[in-house]
Each structure stands twice: as C-alpha cells, then as structure tokens.
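Structure, as structure tokens:
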Amino acid sequence: MRVAIVHYWLVGMRGGEKVLEALCRIYPGADIYTHVYDPAAISPEIRKHRIHTTFIDSLPYAKRLYKKYLPLMPMALEQLDLSAYDLVISSESGPSKGVIPTSPAIHICYCHSPMRYIWNMYNKYYETSGRLTRIMMPPLAHYLRTWDVATASRVDEFIANSTTVAHRVKSYYRRDAQIIHPPVDTQAFRPVAARDLEDYYLMAGELVSYKRPDLAVEAFNRMKAKLVVIGGGEMLDRLRKIAGPTVTVMGSQPFEVLQHHYARCRALVFPGEEDFGIVPVEAMASGRPVIAYGRGGATETVVAGKTGVFFSTQTVEAVIDAAERLDKMDLNPADAVARAQDFRTAVFIEKFRSYANHLTGQAPIWDDMKIA
C-alpha cells in the first residue's frame, strides 16, 4: 500500500511524536505530511521518511510561532494532494484530520485528543490568555469547532488513545472509536534493588497549569516531605518560587537523570488529568507506584491498591491523604513492572497493524492472546 501519515507539527519529541515513530516502524515507506518541520528537533526514525510541509512552514517564524497560525491550518490541510495514497493516517491533537483523501483511500484518525484548546480545555486556555487573544478566541473557536466537526465525516475510522479520548470523540464528533493505547518504551526503564531506593517522591513532565504541579509542591511543602520535580514549562519559575526547603525543582534534565529518579523514588506524584499519560507507565516500568488524580488516562493504567493509589479531588489535602495511604501499603514492584508491559511498544504496533490491515481487507482483527 501507498501510505501517507499526517501529523499536526514536528517541532519536538513528545507523546504524539512517539506514536508517529511507531507508525513509521509499521510503514517504513510512508510519506509524512505536517504543518511545520524542524529537523533538529525530530528523531532519526522520523527523519528517514520523506516529509512534506504545508504552506504554514514558510510563514515568518513558523517553527516558533506555529500555534499563532492555527486559523490558517484548515485551509493548509485541504490544499494537500493525497491522491497517490491508498491509506491515510492522521495523527490528531492539533489540526491534521481535515485532509481530503481521494476515494477509495481509507482514512484512519489516531486521536490523541480532539483539539483541547477549542473543546475540553477551552475555558482554561481562555482564562490564561492575554487581552487581545481573549477578544479573538470566541469567534475563532466557533469557526474551528464547526470545521472540526464537519471534517470528522472525512475519517473512515477513529482510533482513540484511551477511553477518556474515545468519550470525547463520541461527544464532539458523534463517532465511535476503537481504543489502542499509545506505545511506551518500557524497555528503557528498570527497577533497582530495595536497598537503592531513596527517600523522595517524584513529579515529572511538562510543567503547565492543567497538569497541576502546584498541587504536588504545596502538598509536600505542608508535609515537609521530599519531592523532586523534573521538567520544564511555563510554570517552572513559579514552582521554584513557591517550593519549600524539602522540594527540589530541577527543571528539564537529560533522559538518564529521569531514569535514575524514576527507579529510586518512593512514588510518582501525578496530580493532573491527562488524555492517556505516559509518565505513570514509565514510573511503573521502573517498579515504582503512582499517586494519581482519579480521572483521565491514569485510571486506565494504574491499578488502585496494586500499582498505586488515586485521589478524587484536586486539592492539597487529597494529595496528602493519598500519600499517607500509599505509605501504609506494601506494594510489590514486580506488579508495577508487569502492568507497564501491557503498554509496551510491541503491543501498539501489533494492534495498530492488525486493525489497519483489517480495515483495508488484508487481515482479520487482532486477537489479544496472540500479541507477543
């Protein structure tokens, strides 16, 4: 088959790009289409492919200000000529599914989430935006929502990365979605012996408001317990200002530093609501339990009472209560490692390949028991 993969933008290596890497392994001859491409920020696996950009890439400062060009992205997608392809896969979180494949091509949308800034997180983005942006957001969001819903009809089949996202697809697009969890490189993480564990908790990931890193910092300030924070983002400076003497805000760190801290922490603290959330799976692959907010993707990966605990409200008191409950449990690190393997890259590749082959008439749907 001739395959095209449409990804919203290629300016870094986050969860969506890890999915793209796995798709590149499934379809080594696929062409990639994207709005903006920064080769220096992208992995060699992705750079092996022929990468085409929309006209957005040629606009001033596009690699840095690409989100400012969001209103032009629907038109840019519709100008792409995909007539040469039998299978089109759109990787959707920013605008990508709005392409126009040529019949009889099959269009599969792997949905990380419908665009958060116009749907489920619109109000949060609005509240934290500047005055001019707040003036422009209502009419722009209305236009984009209308276009986004209309273009759902251009997709033959949706795949969601979690039950949480499948519910959004149903709510916003009135479409059902097959659930295939995203790939996690669990082999990159290893547990350590009990004697090597250290007396600190860990919070890792992008430090942005909806992930609620402030909750963890404030909770551990109050408990006077050790917390290490790894990650960069818009809240980094604020967290450093509010961090007490027991909280260490390290900022962005090399992967090896993150590996080291995953394996040696008492537990990972995960206070935000995520579409899926790769960080808890990485922590479990390192043999460590997770303290997580009980909504979103974490509820599909963390097993309460076996690989971690949940708290039901995003308050400092709830985080403290969860940490105290976890401290009284005797959890087996092997259970966390085993659970993480359910989300390893090989499972994603086998399920996606099987489902795509089923849709294109090349094979039956997967059997979970046959995935190695």
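The values are calculated or read from the model by the stated rules, or taken from the named source; none is laboratory data. Everything numeric in this text was worked out from a predicted model, so none of it was measured. So basically every Cβ, Gly included, is an ideal-geometry build from the backbone, and we count neighbours across all protein chains shown. Accessible surface areas use protein heavy atoms only, side chains included; no ligands, DNA or RNA. Shrake-Rupley method; radii C 1.70, N 1.55, O 1.52, S 1.80 Å.
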Practice task
Inspect all residues belonging to the stretch 253-264 and state whether any of them is at pLDDT 95 or above, charged (D, E, K, R) and more than 19 Å from the chain's Cα centre (by Cα).
Solution key: yes
Problem - Any hit, the stretch 37-53, residues being over 18 Å from the mean Cα position of the chain (by Cα) and open to solvent by less than 10 Å² (accessible area, probe 1.4 Å) - result: no
Problem - Subset of the stretch 54-76 [surrounded by 18 or more Cβ atoms within 10 Å (Cβ to Cβ) and not in a helix (DSSP H, G or I)] - result: THR54
Practice task
Go through the residues of the stretch 188-200 one by one and say whether even a single one is among the basic types (Lys, Arg) and farther than 24 Å from THR307 by Cβ.
Solution key: no
Exercise for the section: Filter the stretch 149-160 down to residues that are small (Gly, Ala, Ser) and outside any strand (DSSP E or B) and give me whichever is least open to solvent (accessible area, probe 1.4 Å). Expected result: ALA152
Practice task
Answer yes or no as to whether VAL19 is within 24 Å of GLU157 (Cα to Cα), touching a strand residue (DSSP E or B) at 6+ places or on another chain (Cβ under 9 Å), modelled with pLDDT of 95 or more and open to solvent by less than 10 Å² (accessible area, probe 1.4 Å).
Solution key: yes
Practice task
Answer yes or no: is there a residue in the stretch 229-243 that is part of a loop (DSSP other than H, G, I, E, B), aliphatic (A, V, I, L, M), at pLDDT 95 or above and surrounded by fewer than 16 Cβ atoms within 10 Å (Cβ to Cβ).
Solution key: no
Handout entry: Criterion (modelled with pLDDT of 95 or more, under 17 Å from VAL192 (Cβ atoms) and either open to solvent by less than 50 Å² (accessible area, probe 1.4 Å) or of a type in the set (Ser, Thr, Tyr) (or both)) met by exactly one of PRO289, PRO280, PRO333, PRO271
Key = PRO289
Fill in the blank from the handout: Pairing a residue in the stretch 202-215 that is in a helix (DSSP H, G or I) with any residue that is at pLDDT below 90, where Cβ atoms lie under 8 Å and the two sit 6 or more apart in sequence or on different chains, gives SER209/LYS124; SER209/THR128; TYR210/MET121; TYR210/LYS124
Problem - Of residues in the stretch 304-320 being buried (at least 17 other Cβ atoms within 10 Å of the Cβ), without any contact (Cβ under 8 Å) to a residue 60 or more places away in the chain and not hydroxyl-bearing (Ser, Thr, Tyr), the one farthest from THR186 (Cα to Cα) - result: ALA318
Exercise for the section: For TYR37, state whether it is in contact with a helix residue (DSSP H, G or I) (Cβ under 7 Å, 6 or more places away or on another chain) and within 12 Å of PRO95 (Cα to Cα). Expected result: no
Exercise for the section: Taking ARG325 as meeting all but one of (1) in contact with a Pro (Cβ under 7 Å, 6 or more places away or on another chain); (2) farther than 17 Å from VAL217 by Cα; (3) open to solvent by 50 Å² or more (accessible area, probe 1.4 Å), write down the number of the exception. Expected result: (1)
Completion exercise
Note on the stretch 77-127: residues assigned to a helix (DSSP H, G or I), surrounded by fewer than 20 Cβ atoms within 10 Å (Cβ to Cβ) and in contact (Cβ under 8 Å) with a residue 24 or more places away in the chain are LYS124
Handout entry: Among the candidates THR146, THR163, residue that is surrounded by fewer than 17 Cβ atoms within 10 Å (Cβ to Cβ) and touching a residue at least 60 places away in the same chain (Cβ under 8 Å)
Key = THR163
